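The values are calculated or read from the model by the stated rules, or taken from the named source; none is laboratory data. What you see is a predicted model; the values in this text were computed from it and never measured. Because the Cβ atoms are built from the backbone with ideal geometry, glycine has one as well, and the counts that use them run over all protein chains shown. Ligands, DNA and RNA are stripped out before the accessible areas are found, and what is left, the full protein with its side chains, is counted by its heavy atoms. Shrake-Rupley method; radii C 1.70, N 1.55, O 1.52, S 1.80 Å.
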Amino acid sequence: MQPQTTSIFYTSYYGSTQRYAEALAEQIGVTAVELPDPATVTADGGPIVILSPIHGPSHPGARFVKELGEEVVDKRKLCLATVGMTLDEVAVEQDAARDLLGKRADRVARFYLPGRLNYPELTPSHRNVMRAMVTMLKLKPGKTANERMMIDSYGKDVDRVDLGRLDEIVEWLAESDG
């Protein structure tokens, strides 16, 4: 079990990121809380785990890390777990969080967790974006495996949440602890 000084912060649009955050918090004996104002996070304490969904270029967790004070980034170990629907191997290869973190990327451990997408829960704007994206992908020659997956799963509820994937983060926390 990790010391109580580990902080778990999350933001979630449709619930899968919150599910991961709460499961991780329970596993290590702390409480997961929604992303606070970065200015309120102090340099005192143990590792910080941030869990955040990614929607296209929008990644609240990466934005949060970039807004943390320099002293916090210097003194506390940081982990960003991105939750998304991209195929695992593509998400790891592309490492979108690295690019979004900019100069802080080398100071943040990064993990990818598969999420869930239930079409009836989508906001109208998110549903419209998905429809437009899939329509364009259908017209594209030479589709990648990830693009084919997006087309094939369009309009279908897909739940790829795997709480066992939190083990990687627990191992990172154990290494961070000593």
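Straight-line cross-link reach from residue 138 at under 17 Å between alpha-carbon atoms covers these lysines, not counting any fewer than eight positions away in the same chain: 156.
Site pair residue 157 and residue 133 shows an inter-label distance of 2.0 nm when each label is modelled 7 Å from Cα along Cα→Cβ.
A straight line joining the Cα centroids of region 133-153 and region 21-41 runs 36 Å. Shown for region 67-178: the carbon plus sulfur share of the solvent-accessible area, taken with all protein chains present and a 1.4 angstrom probe, equals 53%. The mean sequence separation of alpha-carbon pairs under 8 Å and at least six residues apart, normalised by the residue count of region 46-109, gives a relative contact order of 41 percent.
Overall size of region 30-118 from C-alpha positions, given as principal axis extents largest first: 36, 28, 19 Å. In the full protein context, region 22-176 carries 53 Å² of accessible surface per residue, based on a 1.4 Å probe and ignoring ligands, DNA and RNA.
Sequence-distant contacts, meaning Cα pairs under 8 Å at least 6 residues apart, place the relative contact order of the chain at 21 percent. Note that region 121-131 has calculated 3J(HN,Hα) couplings of 8, 5, 5, x, 5, 5, 4, 5, 4, 4, 4 Hz, one per residue in order, obtained from phi through the Karplus relation 6.51 cos²θ - 1.76 cosθ + 1.60 (θ = phi - 60°); glycine and proline are x. Which residues in region 156-175 have a backbone N closer than 14 Å to a point placed 7 Å from the Cα of residue 122 along the Cα-to-Cβ line? Within reach of a label on residue 122: 156-159. The phi torsions of region 28-43, fed into the Karplus equation with coefficients 6.51, -1.76 and 1.60 and a -60° offset, translate into couplings of 9, x, 10, 10, 7, 10, 4, 3, x, 5, x, 5, 8, 7, 9, 6 Hz, rounded to whole numbers, with Gly and Pro shown as x.
To check you understand DSSP bridge types, tell me what percent of the beta bridges within region 1-99 (both residues inside) are antiparallel, rounded to 5. Rounded to the nearest five, the antiparallel share is 5 percent.
Take the Cβ atoms of residue 27 and residue 74, set R0 to 30 Å, and the FRET efficiency comes out at 0.60.
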